[in-house]
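The values are calculated or read from the model by the stated rules, or taken from the named source; none is laboratory data. Note that the structure is a prediction, hence the values are computed from the model and not measured. In this analysis, Cβ positions are derived from the backbone assuming ideal geometry, glycine residues included, and neighbour counts consider all displayed protein chains.
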Amino acid sequence: MNIHVVAILVSISIFLLVVDLVRRRRLTFKYAMGWLIVSAGAIFFAVFYRLLFACAALLGFELPSNFIFFALFCVFVFLSLLLTVFLCQQNSRNDVMAQKIALLEFEIKELKKKFNGLR
Amino acid sequence: MNNFNQKILIIVPAFNECGNIGRTVQEIRGSALSVDVLVIDDGSIDNTAKEALQAGGQVVSLPFNLGIGAAVQTGFQYAQIYQYDIAVQIDGDGQHDVSFLGKIIEPILQDEADMVVGSRFLEKTEGFQSSFSRRVGINFFVHLINVLTGVKINDPTSGFRAYNKKMITLFSAYYPQDFPEPEAIVVSQQAGARIIEVSVLMRAREAGESSIRYFKTMYYMVKVTLAILLHMIRQKRTKI
């Protein structure tokens, strides 16, 4: 099979997989956006691969494959940084909630004590 | 309440301190000062909370272990909710000598400082001065914080501290989580707080010095340095 056909098929299936994950509510739109954009870009370049070669030459890459690896590497670094930011945000929200729960639990216990004292 | 009509809260963060915490709470309650004791049980899996309650402390139990920074911050939030004027932080392991409570609170009562750090190294004392490698690390932070903020604190890792109401408000909203003791000094200085040190004695917590501890100290130094440097470039600084 032609390598271009393989590239197109793989990028389309990634795109469809993301769409399906959103459809089955395993991914929310907010987090699916990044993946949709990346996989749409992959489909585009798999179809118009000559454009990809031109880009590689323009940027001074001797082999188009090197350009693809470099681009992929950049995308993954960016995505993982983004994920770390989300993780960090979740972590601090989690802490705030734990603190609130602990303080509320204390308050409830105190109220119960007062209530039982009144009865 | 005390002579100055100030409500004082002693915050004791504790993680699996069963066997120590009861004694610490009793010691604080037995001191001449009229204070409330709040133990923050940081997700302990032993009987820390029960022991603290039996000793007569108030206990707030975090649902899981959040780390010392978030535990102490919970104490500040409590102090904020129940309108305390002064908060004192004391370790739950009995390392801090509660007979110095009065001394550490005094500058706050006199309105000479917003934050008071109990220091082992201010005067040459008989008490526990920490192991050699730790002292090298501590000395490094003394100079780092001094160069970056202009404040000279001789014992920046000491967790024996007193704060006034302004600091309670500041820290209940934001308190450093990673290495809270040295970082809190930087945050306070950036907020425009008046920070002073008083000399205290501390007891030894653990004996011996292994090579593993040596590397741990080095690793800790690198991490804290990075954390402090990141604080220096942080946006959204709150003034007290």
- At least 2 residues that are in contact with a Leu (Cβ under 7 Å, 6 or more places away or on another chain) and touching a residue at least 24 places away in the same chain (Cβ under 8 Å) in each: list the strands (runs of 3 or more DSSP E) lying fully within the stretch B:1-120 that qualify. B:8-14, B:36-41, B:86-89
- Checking B:Asp111 against (1) within 15 Å of the chain's Cα centre (by Cα); (2) surrounded by fewer than 17 Cβ atoms within 10 Å (Cβ to Cβ), the condition it does not meet: (1)
- So B:Gly102 clears everything in (1) under 23 Å from B:Ile153 (Cβ atoms); (2) surrounded by 18 or more Cβ atoms within 10 Å (Cβ to Cβ) except one condition, right? Which one? (2)
- Entirely in the stretch B:130-200, the helices (runs of 4 or more DSSP H) that have 1 or more residues that are of a type in the set (A, V, I, L, M) and at pLDDT below 90: B:132-149
- Query: Which of the residues belonging to the stretch B:31-84 are more than 18 Å from A:Asn94 (Cα to Cα), crowded, with 17+ Cβ neighbours inside 10 Å, β-branched (Val, Ile, Thr) and within 10 Å of another protein chain (Cβ to nearest Cβ)?
  - Reply: B:Val59
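Residues of the stretch A:13-30 being at negative phi and surrounded by fewer than 16 Cβ atoms within 10 Å (Cβ to Cβ), which ones?
Of everything in the stretch A:13-30, those that are at negative phi and surrounded by fewer than 16 Cβ atoms within 10 Å (Cβ to Cβ) turn out to be A:Ser13, A:Leu16, A:Leu17, A:Val19, A:Asp20, A:Leu21, A:Arg23, A:Arg24, A:Arg26, A:Thr28, A:Phe29, A:Lys30.
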- Task: Tell me, please, whether a residue that is under 19 Å from B:Leu170 (Cβ atoms) and of a type in the set (S, T, N, Q) can be found in the stretch B:57-76.
- Result: yes
- Message: Residues that are of a type outside the set (Gly, Ala, Ser) and over 24 Å from the mean Cα position of the chain (by Cα): list the helices (runs of 4 or more DSSP H) wholly contained in the stretch A:1-94 that include at least 3 such residues.
- Response: A:3-23, A:49-59
- Return a yes/no flag: does the stretch A:74-97 have any residue that is of a type in the set (Phe, Trp, Tyr), touching a residue at least 24 places away in the same chain (Cβ under 8 Å), more than 14 Å from every other protein chain (Cβ to nearest Cβ) and farther than 30 Å from B:Gln73 by Cβ. no
